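The values are calculated or read from the model by the stated rules, or taken from the named source; none is laboratory data. All figures in this text were calculated on a predicted structure; none of them were measured in a lab. Using ideal geometry, Cβ is built from the backbone for each residue, glycine included, and neighbour counts are taken over all protein chains shown. These accessible areas exclude ligands, DNA and RNA; they are computed on the full protein's heavy atoms, side chains included. Shrake-Rupley method; radii C 1.70, N 1.55, O 1.52, S 1.80 Å.
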Amino acid sequence: MSDMSHHDRPDPKPFQLIAGNAALDFVNTLDNRFRETGADELLASYDDLLRFAAQSELLTERQAKKLKRADASPAERALVLSKVQELREALAEVAYAQLEGREIPGSSLALLEEHFKQAGSHRHLTAERLQLVWNWRGLGREIAAPLWLLAQAAADLLTSDHTAQLRSCASDTCRWLFLDTSKNHSRRWCDMKVCGNRMKARRFHSRQTE
């Protein structure tokens, strides 16, 4: 899609959350996934992961700050990040298979099941005003918290009716995922200002050179 700032810049730009669902915005953090010259990794560090989780409102800003200061080694944070990327790619495999009417890969399904079960083990059932509610343990203490939250977001999406609204950007290199909630289900672009205008300009240029 668009150029995102690299993780080592002093003031990184916000993530572009265009999907209408945190799990799909998560898949989109591997930008230009289908580009021949290679994709752009937007979750290049644990700090990037915290920024994404906070901007997606999976974590509060306070929880994200606590996790940033948490007592954990760089290697432990890197392990969480690698598991997050593993979850993302399994989710992407399933989502694009659903979108294209292909059989869902068994390996991706097994991996998602493992992540979903692990995430669920960190929730506990509480009663609030006679209403039963799932709550999380350790969101501001456990550095794996963003992984659990993203896994739960993915589980909620993939087991819902929202998958019927699943679409991808019409740009061949972008193909960012989103939920099409337009009235006549005609949304084609992740962002008309970015990919829509870029593709229009490309078509105009090709006509001029014919």
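Do any strands (runs of 3 or more DSSP E) lying entirely in the stretch 118-178 carry at least 1 residues that are surrounded by fewer than 17 Cβ atoms within 10 Å (Cβ to Cβ), and which ones are they? Quick ask: steps written out before the conclusion?
Values: elements: 123-128, 131-136, 166-168.
Hits in the stretch 118-178: 123-128, 131-136.
Looking only at the stretch 95-112, which residues are open to solvent by less than 60 Å² (accessible area, probe 1.4 Å) and assigned to a helix (DSSP H, G or I)?
Residues satisfying the conditions are Ala95, Tyr96, Ala97, Leu99, Gly106, Ser108, Ala110, Leu111, Leu112.
Mind checking whether some residue in the stretch 73-81 is more than 21 Å from Leu139 (Cβ to Cβ) and out of contact with any Asp or Glu (no Cβ under 8 Å at 6 or more places or on another chain)?
yes
Since Lys13 meets every condition but one in (1) without any contact (Cβ under 8 Å) to a residue 24 or more places away in the chain; (2) under 19 Å from Leu157 (Cβ atoms); (3) open to solvent by 50 Å² or more (accessible area, probe 1.4 Å), which condition does it not meet?
Answer for Lys13: the failing condition is (2).
Go through (1) among the small types (Gly, Ala, Ser); (2) modelled with pLDDT of 95 or more; (3) closer than 20 Å to His162 by Cα; (4) surrounded by fewer than 16 Cβ atoms within 10 Å (Cβ to Cβ) for Ala92 and report which single condition fails.
The one condition Ala92 does not meet is (4).
Within the stretch 47-80, can you find the residues that are more than 17 Å from Asn28 (Cα to Cα), open to solvent by less than 50 Å² (accessible area, probe 1.4 Å) and either outside any helix (DSSP H, G or I) or not basic (Lys, Arg) (or both)?
Those that are more than 17 Å from Asn28 (Cα to Cα), open to solvent by less than 50 Å² (accessible area, probe 1.4 Å) and either outside any helix (DSSP H, G or I) or not basic (Lys, Arg) (or both): Leu59, Gln63, Ala64, Leu67, Ala70, Ala72, Ser73, Val80.
Suppose the filter is at pLDDT 95 or above, not in a helix (DSSP H, G or I) and not acidic (Asp, Glu); does Ala44 pass it? Reasoning before the result, please.
Working: at pLDDT 95 or above: yes; not in a helix (DSSP H, G or I): yes; not acidic (Asp, Glu): yes.
It is true that Ala44 is at pLDDT 95 or above, not in a helix (DSSP H, G or I) and not acidic (Asp, Glu).
Any chance the stretch 75-87 includes a residue that's touching a residue at least 12 places away in the same chain (Cβ under 8 Å) and farther than 28 Å from Asp47 by Cβ?
The first filter runs over the stretch 75-87 and keeps only residues touching a residue at least 12 places away in the same chain (Cβ under 8 Å), leaving 76-78, 80-81, 83-87.
Pick out the ones that are also farther than 28 Å from Asp47 by Cβ and you get none.
For the stretch 75-87, residues touching a residue at least 12 places away in the same chain (Cβ under 8 Å) and farther than 28 Å from Asp47 by Cβ: absent.
Select from the stretch 122-142 the residues that are closer than 24 Å to Lys65 by Cα, out of contact with any Lys or Arg (no Cβ under 7 Å at 6 or more places or on another chain) and small (Gly, Ala, Ser) and list them in ascending order.
Hit for the stretch 122-142 is Gly138, nothing else.
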